[in-house]
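Peer 1: Below is one structure. I have some questions about it.
Nothing in this text is a laboratory measurement; each read-out follows from the coordinates by a stated rule. What you see is a predicted model; the values in this text were computed from it and never measured. Here the Cβ is made from the backbone with ideal geometry for all residues, glycine too, and neighbour counts use every protein chain on show.
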Amino acid sequence: MSTKPRPRSRAADRAGLPKQGRFVLCLRADRYKASLEARKVYLALPDAAAAEHDQVRVIDESGEDYLYPAALFAPIDVTARVRRALMEPIRR
């Protein structure tokens, strides 16, 4: 899957998901150890269709967005400052 912008659904708007996504904490990686790290914060993209199937669209370690079981993640609230830091490209 690509990270190209997807049209927002009305369901996503009603759910209050921010246009740019929300942050989730990976609780466990289970059988996705090559793609996810437990206790790491990921960006979850709004996807109402995925939510209807108890899944969440996450930008994983590959840098691409994929669907994962929602039970692997917990939504977290971050301050504006933390959001900016998480969204900033990594500088080396």
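Peer 1: Have a look at 36, 79, 48 and report the one farthest towards the positive end of the charge dipole of the stretch 22-87, computed about the Cα centre with Cβ charges (Lys/Arg +1, Asp/Glu -1).
Peer 2: Working it through, the farthest residue towards the positive pole turns out to be 79.
Peer 1: For the stretch 75-88, what does the Karplus curve 6.51 cos²θ - 1.76 cosθ + 1.60, with θ = phi - 60°, yield as ³J(HN,Hα) per residue in whole Hz, taken in order and with x for Gly and Pro?
Peer 2: The phi angles translate into x, 10, 9, 10, 6, 4, 5, 5, 4, 4, 5, 5, 8, 6 Hz.
Peer 1: Further question on the same structure: Tell me which residues come under 5 Å, amide H to amide H, from residue 55 once H is placed; ignore anything under 5 positions away on its chain.
Peer 2: So residue 55 has HN proximity to 70.
Peer 1: Now, a different point. Let me have the relative contact order for the stretch 22-87, percent, based on Cα pairs under 8 Å that are six or more residues apart.
Peer 2: Normalised by residue count, the contact order of the stretch 22-87 is 33 percent.
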